[in-house]
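Heads up: the structure comes next, in structure tokens.
The values are calculated or read from the model by the stated rules, or taken from the named source; none is laboratory data. Since we're looking at a predicted model, the values are computed, not measured. A quick note on method: Cβ atoms are made from the backbone with ideal geometry, for glycine too, and the neighbour counts reach across all protein chains shown. These area figures cover heavy atoms from the full protein model, side chains too; ligands, DNA and RNA do not enter into them. Shrake-Rupley method; radii C 1.70, N 1.55, O 1.52, S 1.80 Å.
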Amino acid sequence: MVGRSGAGRTAVSSGAAAGAVGAAAAAAAAWHIGPAATWLPPVRRFLTPALDGRGDPAHVALTFDDGPDPASTPHFLRVLDEHRVRATFFVVGSSLERHPALGRALVAGGHEVAVHGWQHGRPWFPTPLRDVGEVARTVGAVRRICGTVPQWYRPPYGILTGGRLAAARRAGLRPVLWSAWGRDWTACADARSVRASVLADLTGGGTVLLHDADGWSAPGAWRAALGALPGLLAECRRLGLTVGPLAEHGIKRVNGTHPDRARHHR
């Protein structure tokens with residue numbers, strides 16, 4: 001009887017240990033992937049309007065991802081300058097390091113530089129230490145090359161994980177996604193489709209996502225966004241909406257207050 005009791009206790013202990021390990025693994029998975037639910041527009045519109053990029057109803061925030069790239073970014077800067085519009089550029093840190101002159105050109109044009117990440121990987125597995133390091137490295141590159149302090153973070157592919165969210169908070173960055181996008185990364189995109197996609201969801205107070213580079217898109221896809229840009233700016237003017245960077249968008253903080261609006265001078 002004693003032997004059987006000992007074996008029973010061993011089995012119970014083993015089962016409890018396995019249960020604890022399973023619970024810990026489930027908790028870790030939930031922490032990692034839970035925030036990714038905000039990728040779904042209805043979820044973030046309802047639960048986190050700040051993450052959806054909702055700001056001043058009379059304003060539209062214009063944002064670009066994946067640059068800088070010498071083959072494409074200068075064309076966007078030219079069009080924006082022609083229309084006297086400033087925007088927020090979410091840069092990839094490794095690209096900024098390779099093309100520092102473009103980073104300085106963004107600031108010289110009155111644009112805001114924000115953090116997209118050091119690389120542009122997909123977060124299949126939790127890598128919280130790497131997330132912290134790569135976000136901090138990109139912040140450092142922006143400060144050193146551009147001479148500005150970034151305020152915003154948008155994760156690659158818009159997938160916000162527990163590790164990426166923690167990394168952004170540690171770096172003092174505010175995560176923001178978008179409320180309207182051009183679907184301009186596909187091979188079939190053209191200026192007309194990009195314009196239609198943005199306008200389908202665009203309202204006052206919205207944040208628009210376009211791409212000024214094609215490093216993680218179909219080759220040459222940036223031309224569709226570039227072709228759509230003048231028409232989008234004209235439509236915003238027709239609707240009485242001011243277009244500008246996130247710094248001027250008045251996105252509410254979690255406590256409901258508005259940040260001070262940065263003053264920019266061309």
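Worth pointing out:
- Any hit, the stretch 132-150, residues being under 19 Å from LEU51 (Cα atoms) and part of a loop (DSSP other than H, G, I, E, B): yes
- Applying the set (1) at positive phi; (2) buried (at least 20 other Cβ atoms within 10 Å of the Cβ) to THR161 leaves exactly one unmet item: (1).
- Test: THR161 is of a type in the set (Val, Ile, Thr) and closer than 22 Å to THR48 by Cα: yes
- Look at the stretch 216-233: where a residue is at positive phi and a partner is not hydroxyl-bearing (Ser, Thr, Tyr), sitting 6+ places away or on another chain with Cβ atoms under 7 Å, you get GLY220/ASP214.
- Boolean, LEU77 is under 21 Å from LEU209 (Cβ atoms), part of a helix (DSSP H, G or I) and within 18 Å of the chain's Cα centre (by Cα): no
- Residue pairs meeting the criteria (Cβ under 8 Å; at least 6 apart or on separate chains; first open to solvent by 60 Å² or more (accessible area, probe 1.4 Å), in the stretch 189-208; second at pLDDT below 95 and in a helix (DSSP H, G or I)): ASP201/PRO41
- Looking only at the stretch 161-194, residues that are more than 12 Å from ALA228 (Cβ to Cβ) and assigned to a helix (DSSP H, G or I) come to 9 in all.
- Test: residue in the stretch 69-78 that is over 20 Å from ALA234 (Cβ atoms), touching a Cys at 6+ places or on another chain (Cβ under 8 Å), modelled with pLDDT of 95 or more and surrounded by fewer than 23 Cβ atoms within 10 Å (Cβ to Cβ): no
Matching residues to (1) more than 21 Å from the chain's Cα centre (by Cα); (2) over 22 Å from ARG154 (Cα atoms); (3) not in a loop (DSSP other than H, G, I, E, B):
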residue: ALA196; (1), (2), (3): yes, yes, yes
residue: THR203; (1), (2), (3): no, no, no
residue: GLY240; (1), (2), (3): yes, yes, no
residue: VAL243; (1), (2), (3): no, no, yes
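- Filter result (farther than 21 Å from PRO70 by Cα, hydrophobic (A, V, I, L, M, F, W, C) and at pLDDT 95 or above) within the stretch 215-266: LEU232, LEU233, ALA234, CYS236, LEU239, LEU241, VAL243, LEU246, ALA247
- Per the listing ARG154, ARG84, ARG169, the residue uniquely charged (D, E, K, R) and crowded, with 21+ Cβ neighbours inside 10 Å is ARG154.
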